[in-house]
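Dropping the structure in here first, questions after.
The values are calculated or read from the model by the stated rules, or taken from the named source; none is laboratory data. Since this is a predicted model, take the numbers as computed values, not measurements. The accessibility values were calculated without ligands, DNA or RNA, using every heavy atom of the protein model including side chains. Shrake-Rupley method; radii C 1.70, N 1.55, O 1.52, S 1.80 Å.
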Amino acid sequence: METILKILDQMIEAHRNLIQLGQDKKSVIVANEVDRLAQLTQKENKLTKLIEDLEALRIQAVHAFLRGRGLFPAGPVSISDLAKLVVKVEDKEALMSRGQQLVTLVRELKAIHYLNKQLIEHSLAYIDYSLDLFAAYPEQEATYTHPMHDQSYANRNRMFDRKA
């Protein structure tokens, strides 16, 4: 049981680090620091991989714990399912406490991720709008020309390709 609790503690710490990176990412997105955003994304990917590895270790530890008790689960066992099978009250409380912490952290992480996603979408919409302003070519020039003059200037090449 100690191994499982240690793994859960490591998972909680990794999720807290991910939340901190997500909060840092928010300020970087607002400040439009693209290089820093790339660095934070790399760190985020490493932490995500660590959490995946810890989850695999947790599953192995839970299976080993249950096999030691004569139980042979067919698939992954959740923390709440494991808590139902644990006899010691202290272990059950420790499991439920850590499980609740993980649920809370994952919810917070989802909220931060959603906010960052919205910020990025707004930023991309602004960039798209800015490019449209540069690429759009008005039907008429802003200066006056006599109607009898040739209007060949309207067919000149644009500075940007709108469909790029």
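Accessible surface of Thr41 in the full protein assembly, 1.4 angstrom probe, to the nearest 10 Å²?
50
Next question, about the same structure. Kindly report, to the nearest 10 Å², the accessible surface of Val30 as traced by a 1.4 Å probe over protein heavy atoms only.
We get 110 Å² for Val30.
Under 25 Å Cα to Cα from Lys43, which lysines show up? Leave out anything in the same chain fewer than 8 places away.
Here the lysines satisfying the reach criterion relative to Lys43 are Lys6, Lys25, Lys26, Lys110, Lys117.
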